[in-house]
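In what follows, a structure is listed as structure tokens, so that the remarks can point back to it.
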Amino acid sequence: MGPLPRVKADLNVVGRYLARRDLPSLDPAEVGRTFDVLVLCGSGVLATVDLAAEAFHHGVVGRILVTGGVGHSTPYLVAAVQGHSSYADVATEGRPEAAVIAEILQRHLGVPASRVRTEDQAANCGQNAELSLQLLASRPATASVLLVQDPTMQRRTHASFDHHQRLLDTRFEVVSQAPFVPVVRQDGVGNESGSTTWTLERFASLAVGEVRRLHDDEQGYGPRGAGFIDHVDVPDEVLAADRRLRMTSWVTISR
């Protein structure tokens, strides 16, 4: 089923918003600085791992903290690793996300083990933030963080870090960089080079689910709802696109 033009346009609007990117690229000349640590959140999108390695090898970050235990996204990571042309030799059964990703970074992407640290207890986005910040706080030399997550979860993850920084009274500079901005095509959704990461239906489900979570109301994650994140001002154009998508019969909302 190909998307109607309006649906495709709305999904692109929501996708661009969710995939928060605070840097123009990871080209050192454009970044113009080095971050103390890159926090890499476990997910089923392996482009995040490639981006983390690229940032390290370009000298944009000095070390990498991988966060992720066993959670709802673990089966997607396992499937992605097992289906990857290069990473399929990495063991996944019974392992936390952080251990799997750290092995890929070290064995396949040339990041020295001494530059990779893991946090393997987080089971959700909020715990990624809370437990990572606690670990970082134990290293006084850390001041700046480059945050990398699945593009559909990048904005909420950043909001979770803001929320837990306030709760934990930490003062890290956090800069977000999703690995890519999703592009909606007839056959699915992926990056601008043409690779496909999600089916159209799966991406639509994730997109409307994420906007719902960012809402500051009884159904959202903001202070008026679950209280998992601080208030987020969602742009009107994103809210309008979300409303139209919810009226599309085949769009379901991810849990």
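The values are calculated or read from the model by the stated rules, or taken from the named source; none is laboratory data. Owing to the predicted nature of the structure, the values given are computational and were not obtained by experimental measurement. Ideal geometry is used to build each Cβ from the backbone, glycine not excepted, and the neighbour counts take in all protein chains shown.
Among ALA9, ALA19, which is farther than 29 Å from GLU119 by Cβ and out of contact with any strand residue (DSSP E or B) (no Cβ under 8 Å at 6 or more places or on another chain)? Step through it out loud before you land on a result.
Working: ALA19 fails: farther than 29 Å from GLU119 by Cβ.
Of ALA9, ALA19, the one residue that is farther than 29 Å from GLU119 by Cβ and out of contact with any strand residue (DSSP E or B) (no Cβ under 8 Å at 6 or more places or on another chain) is ALA9.
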For ASP217, work out the one condition from (1) free of Cβ contacts under 8 Å to residues at least 60 places away in the same chain; (2) surrounded by 14 or more Cβ atoms within 10 Å (Cβ to Cβ) it doesn't fulfil. (2)
Give just the number: which of (1) touching a residue at least 24 places away in the same chain (Cβ under 8 Å); (2) touching a helix residue (DSSP H, G or I) at 6+ places or on another chain (Cβ under 6 Å) does SER144 not satisfy? (2)
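Would region 14-28 turn up any residue that is of a type in the set (Lys, Arg), touching a residue at least 24 places away in the same chain (Cβ under 8 Å), in a loop (DSSP other than H, G, I, E, B) and under 26 Å from THR196 (Cβ atoms)? Let's see the steps before the verdict.
If we filter region 14-28 for residues that are of a type in the set (Lys, Arg), which is where we start, we get 16, 20-21.
Narrowing further to those that are touching a residue at least 24 places away in the same chain (Cβ under 8 Å): 16, 20-21.
After this cut, where a residue has to be in a loop (DSSP other than H, G, I, E, B) as well, the list is 20.
Now drop any that are not under 26 Å from THR196 (Cβ atoms), which leaves 20.
For region 14-28, residues of a type in the set (Lys, Arg), touching a residue at least 24 places away in the same chain (Cβ under 8 Å), in a loop (DSSP other than H, G, I, E, B) and under 26 Å from THR196 (Cβ atoms): present.
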Just one of the numbered conditions (1) in contact (Cβ under 8 Å) with a residue 24 or more places away in the chain; (2) among the aliphatic types (A, V, I, L, M); (3) outside any loop (DSSP other than H, G, I, E, B) is not true of ALA99; which one? (1)
Quick check: anything in region 226-239 more than 19 Å from the chain's Cα centre (by Cα), farther than 30 Å from ALA137 by Cα, in contact (Cβ under 8 Å) with a residue 40 or more places away in the chain and not assigned by TED's automatic domain parsing to the domain that holds GLY68? yes
Only one of (1) among the aliphatic types (A, V, I, L, M); (2) in the same structural domain as ALA113 (by TED's automatic domain parsing); (3) more than 30 Å from ALA137 (Cβ to Cβ); (4) touching a helix residue (DSSP H, G or I) at 6+ places or on another chain (Cβ under 8 Å) fails for ALA29. Which number is that? (4)
Could you please let me know if VAL232 is more than 21 Å from ARG166 (Cβ to Cβ) and touching a helix residue (DSSP H, G or I) at 6+ places or on another chain (Cβ under 6 Å)? no
Among the strands (runs of 3 or more DSSP E) confined wholly to region 120-233, which include 1 or more residues that are of a type in the set (A, V, I, L, M) and either at pLDDT 95 or above or touching a strand residue (DSSP E or B) at 6+ places or on another chain (Cβ under 9 Å) (or both)? 144-148, 173-176, 183-185, 188-190
Filter region 188-199 down to the residues that are farther than 18 Å from LEU245 by Cβ and free of Cβ contacts under 8 Å to residues at least 60 places away in the same chain, then identify the one that is surrounded by the fewest Cβ atoms within 10 Å (Cβ to Cβ). SER193
